[in-house]
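Undergrad: Sharing a structure, written as structure tokens. Questions coming.
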Amino acid sequence: MESSFNWLNPFAAVDLGIGAWADGIKQWAISNREMIQPIKRFFDGVIVGIEGALQAVPPMVMLAILGLIAWQTAGRRAVWVVVACLAILGFLAPEAWGLAMTTLAIVISSVILCVLIGLPMGVLAGKSDRFEGAIRPVLDTMQTIPAFVYLVPVVMMIGIGNVSGVIVTIIFALPPLVRLTSLGIRGVNPAVVEAARAFGATPGQILRKVELPLATPTILAGLNQTIMLSLSMVVIASMISVKGLGNEVLRAMGRLDAGKAIVGGLGIVMLAIVLDRITQGLGRSGRDRGHKPWWQTGPVGVIAHLLGKTN
Amino acid sequence: MVEPRREDVIRCEGIWKIFGDKAQQAMEAVRKDGLSKREIHDRFDCVVGVQDASFSVGRGEIFCIMGLSGSGKSTLIRHINRLIEPTSGNVIIEGQNVNAMNPRELRALRAEKIGMVFQSMALMPHRTVRDNVVFSLEVRGVSEAKRAEVAARAIAAVDLTGWENRYPDELSGGMQQRVGLARAIAADPTILLMDEPFSALDPLIRRQLQGTFMELSAELHKTTVFITHDLDEAIRIGDRIAIMKDGVLVQIGTPEEIVTRPADAYVAEFVAGISKLDLVTAARIMQPLGQYEQENGPQDHAAWPVAKPGDKLNELVDLAVNTDHPILIAAEGQPVGVVSKRALLRGIQGREEGKAA
Ligand SMILES: Nc1ncnc2c1ncn2[C@@H]1O[C@H](COP(=O)(O)OP(=O)(O)OP(=O)(O)O)[C@@H](O)[C@H]1O
Ligand SMILES: [Mg+2]
């Protein structure tokens, strides 16, 4: 070793054993699989439950529900885009609707977990420069590291299936929510926060009554990004045996089956447009909506209005 | 002037605020060596915001702090409700040391005893006028019904009835600051802190709001610290005025004292353009009757116009234009002094007879 050391190329002679170290973690994960199984079964149950519920709703009813949701969140004009995209999705192939619901279940599960993890992290990052500094490189890593790198250890630890799919999706889709939540909190007018302090609000009240409401449009923009990124992970997730539209694309690649590829690919795009439309509308500020609270607009507003009349 | 025995509501004792990472070390150095502002900046890279400010405000008094931009007015007023921690010194409100309070006591003080109005209004854009106004009650957990009642009263006091359910961005600047005023008085606090509340408004609206504020303060009798960079405003509103320059309170006194006896060249320059007509009293420019008779011989003042010592120059001018006699100043029927035409004209100029340059 000593003799072959070359100052011009020191790297060849030094082996820090990072690969072996990572492999050791993998071994540890394999030998501790038993511990992880109950957690895995719980989450799998949740995902299967969501999927079951989505599959149980007849497609036309689901179409109507999503249309109404779009009306509520984004206004009447979004309804037609959403209905048209869902119709195209349904007509792509007889099995396309069912596959889309499976994919939707995975996306919903991932996004729920992203919110549960990302929102508190984002708030913390918005409040503390030190925390923001610490997680920034982590978030960069999560967004740029190729998914194949963590696909293997995740599968080793948890095994193939929905839960692993959700985890790899979260790794990729979480960062924008954290970043934009932090940005939103930092963007709140400090004079308004000072006024809240001057009138005796606790730090918790300032967060709930001032900072979060004022940061909401930015946070929802982050949520929209997170949903889009979750959807973009479905093909990679299908490599570890996640069913749905992504799996169609993967199988089409294996067999050079252009028909399947179109069904899977267009299906994902249609689903993306639908989810984008629904969530983009959420970010509009109160002023754009004419300062009406959400329960006075959209279908809920109509129903409330009718109920108000009959009373 | 005879000061009635007064009770101090706010007392600031030797407030220093030094901004910067080495503020404590800079403070030590100031105590030991009495460094100047510039030396502190050069040696410790710290900015001095407030330098040894001491003053007290009596119950019901309106205390104006006047100074140019960057003189440290906002920094000083934020010490009173401890939005800013002093580097040294204490604030005492009704006998309680604000700087010794724990967070819970401090929040109670802010919500219940102190109302604040900001130059930038700082209304919450996502809350209606009503929800803005009763914010301090909401954070204290006051019931919905009580809040509605208080909001209605405070909003009526600033003439905004009918606008309760609007949002701040639907209101004009003047109306927004009325909301700010309503928010400050909603909890019926003892103290009002006003940081240049009307500076961002155009002159007409500013006049109007000053009027609203003075009516309110005459009615509610709140102890008020009022910041402004407009000396006219300070004179119109303030019972006493403090002049601030580069973080130092250079002079504290009644408007009349400030205008007639500026403490230094800086204050003198400020007050030079101010009309003395409605500020200076006869007592300030009169010559004692005995002295006048010594100089001019015994006088028959039966035909002279008579004024009281507290009358302003403006009223003396009204009396003087109708006669060639001097004006007799009488307190409770007893003649005490004389204002000659010469003294009156000098008084309008802002100089005292005899000391004329
Ligand atoms: N957080 C801070 N950090 C460093 N310096 C500060 C800070 N806050 C204020 N200062 C400095 O303190 C000085 C006084 O500022 P302050 O805002 O109190 O002035 P002001 O009299 O209220 O001015 P204005 O009329 O413009 O509101 C300024 O020189 C300012 O730069
Ligand atoms: Mg200021």
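Undergrad: Consider B:Leu109 carefully, then state whether it is surrounded by 15 or more Cβ atoms within 10 Å (Cβ to Cβ), at the interface with chain A (Cβ under 10 Å from one of its Cβ atoms), farther than 26 Å from A:Gly187 by Cα and within 24 Å of the chain's Cα centre (by Cα).
TA: Numbers: surrounded by 15 or more Cβ atoms within 10 Å (Cβ to Cβ): yes; at the interface with chain A (Cβ under 10 Å from one of its Cβ atoms): yes; farther than 26 Å from A:Gly187 by Cα: yes; within 24 Å of the chain's Cα centre (by Cα): yes.
Spelling it out, B:Leu109 is indeed surrounded by 15 or more Cβ atoms within 10 Å (Cβ to Cβ), at the interface with chain A (Cβ under 10 Å from one of its Cβ atoms), farther than 26 Å from A:Gly187 by Cα and within 24 Å of the chain's Cα centre (by Cα).
Residue-wise test of (1) crowded, with 17+ Cβ neighbours inside 10 Å; (2) among the charged types (D, E, K, R); (3) within 16 Å of ligand 1 (Cβ to nearest atom).
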{"residue": "B:Ile15", "(1), (2), (3)": "yes, no, yes"}
{"residue": "B:Asp21", "(1), (2), (3)": "no, yes, yes"}
{"residue": "B:Arg31", "(1), (2), (3)": "no, yes, no"}
{"residue": "B:Phe44", "(1), (2), (3)": "yes, no, yes"}
{"residue": "B:Val48", "(1), (2), (3)": "yes, no, yes"}
{"residue": "B:Val57", "(1), (2), (3)": "yes, no, no"}
{"residue": "B:Arg82", "(1), (2), (3)": "yes, yes, yes"}
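Undergrad: Here is a follow-up. Taking B:Arg78 as meeting all but one of (1) within 15 Å of ligand 1 (Cβ to nearest atom); (2) away from chain A (no Cβ under 14 Å); (3) among the basic types (Lys, Arg), write down the number of the exception.
TA: Condition (2) is where B:Arg78 drops out.
Undergrad: Could you give every pair whose Cβ atoms fall below 7 Å, whose first residue belongs to the range B:115-129 and is closer than 17 Å to B:Leu76 by Cα, and whose second residue is within 16 Å of ligand 1 (Cβ to nearest atom) and in a loop (DSSP other than H, G, I, E, B), counting only separations of at least 6 or pairs across chains?
TA: Sorted first by the residue in the range B:115-129, then by its partner, the pairs are B:Met116/B:Asn81; B:Val117/B:Pro197; B:Gln119/B:Glu196; B:Gln119/B:Pro197; B:Gln119/B:Ser199; B:Gln119/B:Ala200.
Undergrad: Determine if the range B:159-173 includes at least one residue that is of a type outside the set (Asp, Glu), part of a loop (DSSP other than H, G, I, E, B) and within 13 Å of A:Ala196 (Cα to Cα). If you could, list the steps in order and put the result at the bottom.
TA: The initial filter retains those residues of the range B:159-173 that are of a type outside the set (Asp, Glu), namely B:160-163, B:165-168, B:171-173.
Retained after the next criterion (residues that are part of a loop (DSSP other than H, G, I, E, B)): B:160-163, B:165-167, B:171-172.
Filter again for within 13 Å of A:Ala196 (Cα to Cα), leaving none.
Within the range B:159-173 (the criterion being of a type outside the set (Asp, Glu), part of a loop (DSSP other than H, G, I, E, B) and within 13 Å of A:Ala196 (Cα to Cα)), the answer is no, since none of the residues qualifies.
Undergrad: Follow-up question, since we're still on this one. Name the single residue that is surrounded by the most Cβ atoms within 10 Å (Cβ to Cβ) among those in the range B:220-264 being acidic (Asp, Glu) and within 15 Å of ligand 1 (Cβ to nearest atom). Spell out the reasoning first.
TA: Kept after step one, since they are acidic (Asp, Glu), are these residues of the range B:220-264: B:230, B:232-233, B:239, B:246, B:256-257, B:264.
Subset that is within 15 Å of ligand 1 (Cβ to nearest atom): B:230, B:233, B:246.
On the way: B:Asp230: 15, B:Glu233: 21, B:Asp246: 16.
Checked the range B:220-264; the qualifying residue surrounded by the most Cβ atoms within 10 Å (Cβ to Cβ) is B:Glu233.
Undergrad: Anything in the range B:63-122 that is within 25 Å of B:Cys46 (Cα to Cα) and among the acidic types (Asp, Glu)? List them, or say none.
TA: B:Glu85
Undergrad: Further question: Keeping to the range B:89-126, report how many residues are in contact with a strand residue (DSSP E or B) (Cβ under 8 Å, 6 or more places away or on another chain), within 16 Å of ligand 1 (Cβ to nearest atom) and of a type in the set (S, T, N, Q).
TA: 1
Undergrad: Sticking with this one: With the requirement that a residue be within 9 Å of chain A (Cβ to nearest Cβ), under 20 Å from B:Leu220 (Cα atoms) and either assigned to a loop (DSSP other than H, G, I, E, B) or touching a Pro at 6+ places or on another chain (Cβ under 7 Å) (or both), what does the range B:112-136 give you?
TA: Residues satisfying the conditions are B:Glu112, B:Ile114, B:Gly115, B:Phe118.
Undergrad: Restricting to the range B:81-106, give me the number of residues that are touching a residue at least 24 places away in the same chain (Cβ under 8 Å) and either within 12 Å of chain A (Cβ to nearest Cβ) or in a helix (DSSP H, G or I) (or both).
TA: 4
Undergrad: Which of the residues belonging to the range A:208-240 are of a type in the set (Val, Ile, Thr) and under 10 Å from the mean Cα position of the chain (by Cα)?
TA: Keep residues of the range A:208-240 that are of a type in the set (Val, Ile, Thr), which gives A:210, A:216, A:218-219, A:226-227, A:234-236, A:240.
Selection gives A:Thr226, A:Ile227.
Undergrad: Look through B:Lys113, B:Lys73 and report the one residue that is modelled with pLDDT of 95 or more and within 13 Å of ligand 2 (Cβ to nearest atom).
TA: Values: B:Lys113 fails: within 13 Å of ligand 2 (Cβ to nearest atom).
Of the residues listed, the single one that is modelled with pLDDT of 95 or more and within 13 Å of ligand 2 (Cβ to nearest atom) is B:Lys73.
Undergrad: I'd like to know if the range A:115-124 contains one or more residues that are farther than 28 Å from A:Gly267 by Cβ and over 21 Å from the mean Cα position of the chain (by Cα).
TA: No, the conditions are met nowhere in the range A:115-124.
Undergrad: I'd like to know if the range B:25-38 contains one or more residues that are within 16 Å of ligand 2 (Cβ to nearest atom), more than 14 Å from every other protein chain (Cβ to nearest Cβ) and over 19 Å from the mean Cα position of the chain (by Cα). Step through it out loud before you land on a result.
TA: Step one: list which residues in the range B:25-38 are within 16 Å of ligand 2 (Cβ to nearest atom), which gives none.
No: the range B:25-38 contains no residue that is within 16 Å of ligand 2 (Cβ to nearest atom), more than 14 Å from every other protein chain (Cβ to nearest Cβ) and over 19 Å from the mean Cα position of the chain (by Cα).
Undergrad: Let me ask something additional. Among helices (runs of 4 or more DSSP H) lying entirely in the range A:145-224, which contain 1 or more residues that are more than 23 Å from A:Ala125 (Cβ to Cβ), away from chain B (no Cβ under 14 Å) and free of Cβ contacts under 8 Å to residues at least 40 places away in the same chain?
TA: Values: elements: A:147-158, A:162-186, A:190-198, A:203-206.
The helices (runs of 4 or more DSSP H) meeting that bar are A:147-158.
Undergrad: For the list (1) crowded, with 19+ Cβ neighbours inside 10 Å; (2) within 16 Å of ligand 2 (Cβ to nearest atom), I need the number of the one condition that B:Ser199 fails.
TA: Evaluating B:Ser199 over (1) crowded, with 19+ Cβ neighbours inside 10 Å; (2) within 16 Å of ligand 2 (Cβ to nearest atom) leaves (1) as the failure.
Undergrad: Related question: If you scan the range B:151-163, which residues turn out to be surrounded by fewer than 21 Cβ atoms within 10 Å (Cβ to Cβ) and either within 17 Å of B:Lys222 (Cα to Cα) or within 14 Å of chain A (Cβ to nearest Cβ) (or both)?
TA: Scanning the range B:151-163 gives B:Arg153, B:Ala157, B:Trp163.
Undergrad: Tell me which residues, restricted to the range B:320-334, are surrounded by 15 or more Cβ atoms within 10 Å (Cβ to Cβ) and out of contact with any Phe, Trp or Tyr (no Cβ under 9 Å at 6 or more places or on another chain). Don't jump to the end; show me each part of the working.
TA: We begin by selecting, within the range B:320-334, every residue surrounded by 15 or more Cβ atoms within 10 Å (Cβ to Cβ); these are B:320, B:325-330.
Within the range B:320-334, B:Ala320, B:Ile329, B:Ala330 qualify.
Undergrad: Still on this model: Do we find that B:Leu192 is more than 16 Å from ligand 2 (Cβ to nearest atom), part of a helix (DSSP H, G or I) and crowded, with 17+ Cβ neighbours inside 10 Å in this structure?
TA: Numbers: more than 16 Å from ligand 2 (Cβ to nearest atom): yes; part of a helix (DSSP H, G or I): no; crowded, with 17+ Cβ neighbours inside 10 Å: yes.
Spelling it out, it is not the case that B:Leu192 is more than 16 Å from ligand 2 (Cβ to nearest atom), part of a helix (DSSP H, G or I) and crowded, with 17+ Cβ neighbours inside 10 Å.
Undergrad: In addition: Take the range B:192-213 and flag every residue that is in contact with a Lys or Arg (Cβ under 6 Å, 6 or more places away or on another chain) and more than 16 Å from ligand 1 (Cβ to nearest atom). Please lay out each step first, then the result.
TA: So the first thing to find is which residues in the range B:192-213 are in contact with a Lys or Arg (Cβ under 6 Å, 6 or more places away or on another chain), and the list is B:192, B:198.
Matches in the range B:192-213: B:Leu192 only.
Undergrad: Is it the case, given these coordinates, that B:Ala330 is part of a strand (DSSP E or B), touching a strand residue (DSSP E or B) at 6+ places or on another chain (Cβ under 6 Å) and without any contact (Cβ under 8 Å) to a residue 40 or more places away in the chain?
TA: Working: part of a strand (DSSP E or B): yes; touching a strand residue (DSSP E or B) at 6+ places or on another chain (Cβ under 6 Å): yes; without any contact (Cβ under 8 Å) to a residue 40 or more places away in the chain: yes.
For B:Ala330, the condition - part of a strand (DSSP E or B), touching a strand residue (DSSP E or B) at 6+ places or on another chain (Cβ under 6 Å) and without any contact (Cβ under 8 Å) to a residue 40 or more places away in the chain - is met.
Undergrad: Can you pull out the residues in the range A:225-239 that are crowded, with 18+ Cβ neighbours inside 10 Å, of a type in the set (A, V, I, L, M) and part of a helix (DSSP H, G or I)?
TA: Within the range A:225-239, A:Ile227, A:Leu229, A:Leu231, A:Val234, A:Val235, A:Ile236, A:Ala237 qualify.
The values are calculated or read from the model by the stated rules, or taken from the named source; none is laboratory data. Keep in mind it's a predicted model, so treat the numbers as computed, not measured. Glycine gets a Cβ as well: all are built from the backbone with ideal geometry, and neighbour counts include every protein chain shown.
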